[in-house]
Amino acid sequence: MKIKVCGFTQAQNTRDAALLGIDAIGLVFYDKSPRNVDMERALEIVQALPPFINRVGLFVNADSHFIDEVLCEVPLDTLQFHGDETPEECSQYAMPFIKALRVNQETDIAKMADEYYRSSGLLLDAFNPNTYGGTGESFDWSLAKIDIDLPIILAGGLNPNTVVDAISQVNPYAVDVSSGVESAKGIKDIDKIKQFIQQSNL
């Protein structure tokens, strides 16, 4: 099972987590998030990483000039769009991207997969009308059991105690965790990440 840990804010903490063998780290470029990082901090984090870690930049309804500025300063591998970005807005950077969906009963995942067919995958997160991800809330995972052409990345309410059940229900391509392995917002608990990796690979 591929694992992404999102919302890092410290270079050494990120390096310690990456050395455990996770596949991707997420950096949040969204000033309303408690895990937001500026470009200087993001560059420090990226430079501390060991090789072969996918560096994902998360944006929420960001201005294209801001994203271009980040890409000029911070070497990212993948973009993750967590807002209301159109397929055209996501595709304009000529980079691999992930489109996040906030899922509830009304979410037409198959329709979104068709619309965002250029994406590298769909990230399915809990629906919260007041915020874009990072809530620690889960959703009805049965809604994510759907046959689409895009890889499914499962997020929302995942932690060492819930990830086995989530994977068994959905069988996703990857899992994405943030608050579920933290000791404080933006600070990851290395022991919790170890447990999360172990549970994800049972």
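The values are calculated or read from the model by the stated rules, or taken from the named source; none is laboratory data. Bear in mind the structure is a predicted one, so any value in this text is a computation, not a measurement. Heads up, the Cβs are rebuilt from the backbone with ideal geometry, glycines too, and the neighbour counts pull from every protein chain shown. Keep in mind that these areas ignore ligands, DNA and RNA; they rest on the heavy atoms of the full protein, side chains included. Shrake-Rupley method; radii C 1.70, N 1.55, O 1.52, S 1.80 Å.
Using a cutoff of 8 angstrom between alpha carbon atoms and counting only pairs six or more residues apart, the relative contact order for the range 97-202 works out to 23 percent. The fraction of accessible area contributed by carbon and sulfur in the chain is 46 percent, rounded to a whole number (1.4 Å probe; ligands and nucleic acids excluded).
Among the chymotrypsin sites (Phe, Trp or Tyr not before Pro) found in the range 50-114, those both in a DSSP coil and sparsely packed, with 13 or fewer other Cβ atoms within 10 Å of their Cβ, are Phe52. Of Leu76, Leu150, Leu20, the residue with the greatest mean-square motion in the GNM of the chain, using alpha carbon springs below 10 Å, is Leu20.
Around Met95, what is the net charge, scoring Lys/Arg as +1 and Asp/Glu as -1 over all other residues with Cβ under 12 Å from its Cβ? Local charge sum for Met95: 0.
Taking Cα pairs under 8 Å and at least six residues apart, what relative contact order does the chain come out at, in percent? So the answer I get is 20 percent. Of the beta bridges in the range 25-166, as assigned by DSSP with both residues counted there, near 0 percent are antiparallel. Within the range 5-45, the trypsin sites (Lys or Arg not before Pro) that combine a DSSP coil assignment with at most 11 other C-beta atoms in a 10 angstrom radius are Lys32. Within straight-line reach of Lys4, meaning a Cα separation under 16 Å, sit the following lysines at least 8 residues removed in sequence or on another chain: Lys99, Lys188, Lys192, Lys194.
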